[in-house]
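First the structure, in the form of structure tokens, and then the observations on it.
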Amino acid sequence: MDRQQIIQSVSVQMPERRWIHTQGVMSTAIELAERYGENPERAELAAIIHDVAKYWPIADQAAYIKQNSLDERVLHYNKELWHAEVGASVAKEQYGVHDIEICNAIRYHTSGRANMSLLEKIVWLADYIEPNRDFPGVDVARELAGVSLDRAILFGLDQTIVFLIEKGKVVYPVTLEARNSIVQQLNMK
Ligand code: DGI
Ligand code: FE
Ligand code: FE
């Protein structure tokens, strides 16, 4: 599928406000790619697709993960993680995205992971700071994004982990690994 066909397919699978969010992630991902030296077209394509499965019925997300032999570990953690696994597979199987780094940027856009690629970091952060986001601390994250990709992501991961802990929720270990990995990368500088 070409870019326009993918946009069409993704946008009809979600409510208007989620498509507006996606457009914000697209423009932010392009900006971050230009700032940090990644290919803006790859960043935009990952952004277009990243939340494609967000509004699939949750049972369909679980079934898709099982039927397509995706990483079932997420099924033991919060449901918010599932759409990212599904989205990465949909990108490849339905939209013909064969760039595995784009698929991985979709796959890890919620959890993050250790040793994220530049593209993965850009999509993770664009999702966190896009202009329609409005939560305490988002302005700090936006400012940090202008200074250091890693510092902005560390701030975001820390906020997300604290948020989950305050709500009494489990934290996916891959998110903790993502956070530790960024700290180690910053300490090496
Ligand atoms: O899909 P979006 O709303 O655009 O954003 P997202 O895919 O980054 O999902 C973010 C939500 O996922 C956020 O409210 C926290 C929640 N969440 C639940 N469990 C985990 C988690 N986020 C991370 N990073 N790790 C978790 O274990
Ligand atoms: Fe998402
Ligand atoms: Fe999103």
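The values are calculated or read from the model by the stated rules, or taken from the named source; none is laboratory data. Here the structure is a predicted model, which is why all the values come from computation and not from measurement. In this analysis, Cβ positions are derived from the backbone assuming ideal geometry, glycine residues included, and neighbour counts consider all displayed protein chains.
Points worth noting:
- Looking only at residues in segment 127-144 that are more than 18 Å from A53 (Cα to Cα) and in a helix (DSSP H, G or I), the one that is nearest to ligand 3 (Cβ to nearest atom) is I129.
- Test: residue in segment 39-55 that is at pLDDT 95 or above and more than 17 Å from A105 (Cβ to Cβ): yes
- Residue satisfying all of: in segment 92-116; within 14 Å of ligand 3 (Cβ to nearest atom) and of a type outside the set (F, W, Y); nearest to Q8 (Cα to Cα) among these: I106
- You will find that of V90, V52, the residue that is crowded, with 19+ Cβ neighbours inside 10 Å, within 12 Å of ligand 1 (Cβ to nearest atom), in contact (Cβ under 8 Å) with a residue 40 or more places away in the chain and over 24 Å from L149 (Cβ atoms) is V52 and no other.
- Residues within segment 67-80 that are surrounded by fewer than 11 Cβ atoms within 10 Å (Cβ to Cβ) and either within 16 Å of ligand 2 (Cβ to nearest atom) or not in a loop (DSSP other than H, G, I, E, B) (or both), tallied: 2
- Single unsatisfied condition, D60 versus (1) within 16 Å of ligand 3 (Cβ to nearest atom); (2) assigned to a helix (DSSP H, G or I): (1)
- Each residue in segment 162-176 was checked for being away from ligand 1 (no atom under 11 Å from the Cβ) and within 8 Å of A114 (Cα to Cα), and 0 of them qualify.
- Residue count for segment 149-170, restricted to those that are free of Cβ contacts under 8 Å to residues at least 12 places away in the same chain and either part of a helix (DSSP H, G or I) or not charged (D, E, K, R) (or both): 5
- Search result, residues across segment 30-47 that are within 16 Å of ligand 1 (Cβ to nearest atom) and either basic (K, R) or within 20 Å of L81 (Cβ to Cβ) (or both): A46, A47
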